[in-house]
Amino acid sequence: MDLQRIRELAYEHLGNRKAHLEREKGFIYYHGQRVARIAVTLRKMILPDEDSRDEILTVAAYFHDIAKGIEPHNEYGAVLAREVLKDYCDPQQLEEIAQLIHLHKIFDKSSKQPELAKILQDADILDHFGTIEIWMNFQYSAFLDEPIENSVNFYQSEFDSHAGRIGKLLNYELSRQIYREKIAFVKSFADRMKIESEGGIYCFDSICRG
């Protein structure tokens, strides 16, 4: 496969779209690029001897949200990807890419899912946390013209339950380790944001906090 041309194709279809009103134009393109890189990184650590399908995984990541905003977007996405990519992949590649897109939102621990599908699921979740989670929160607040206190309140009252619920969907211990570090970072940032949003001064010495 010509990954450079397929990446350009992804931008043509996703780079100028808004999947959600409160997110910036092109978010699903850049999200797909990041998910592709995370997915291949996870694959190298989880399945170090199985690199033969990295291109399949990469392209599936590029297009996994092609139908975002039309639910169930994983089902419609598989259909759209088959049409968009039909001239760029052979039939076997196309079918596997479509299957991965279809499975990326099907979290069924009782079924035997392909390893690449589980890796794509984890990569997708991981990209929504850490610095990207903070960015999305601020974008949402800006879209709604909300004051900083709304974000502070979200992190203080809702973030833990939200993060806990999403974290249970992860498939691999490696992913869970990465996720825990991301959550710790966000919570540390949120603690500082609360102090500074109230006019306090944050530092590592507890004497000068507040």
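The values are calculated or read from the model by the stated rules, or taken from the named source; none is laboratory data. Just so it is clear, the model here is predicted, and its values are computed rather than measured. Every residue, glycine among them, receives a Cβ derived from its backbone with ideal geometry; neighbour counts consider all protein chains shown.
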- Leading residue by the ranking (surrounded by the most Cβ atoms within 10 Å (Cβ to Cβ)) among those in segment 17-54 that are over 30 Å from E173 (Cβ atoms), at pLDDT below 95 and not basic (K, R): A19
- Message: Given the criteria assigned to a helix (DSSP H, G or I) and on the phi < 0 side of the Ramachandran plot, does F129 qualify?
- Response: no
- Task: Quickly run through segment 53-105 and pick out the residues that are of a type in the set (G, A, S) and within 20 Å of Q4 (Cβ to Cβ).
- Result: A60, A61, A81
- Exactly one condition in (1) assigned by TED's automatic domain parsing to the domain that holds E198; (2) surrounded by fewer than 14 Cβ atoms within 10 Å (Cβ to Cβ); (3) of a type in the set (D, E, K, R) is not met by E146; state its number. (2)
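Please state which one of E83, E71 is at pLDDT below 95 and farther than 19 Å from S175 by Cβ. So that I can check it myself, show each step before the final result.
Working: E83 fails: at pLDDT below 95.
Checking each option against the conditions leaves just E71.
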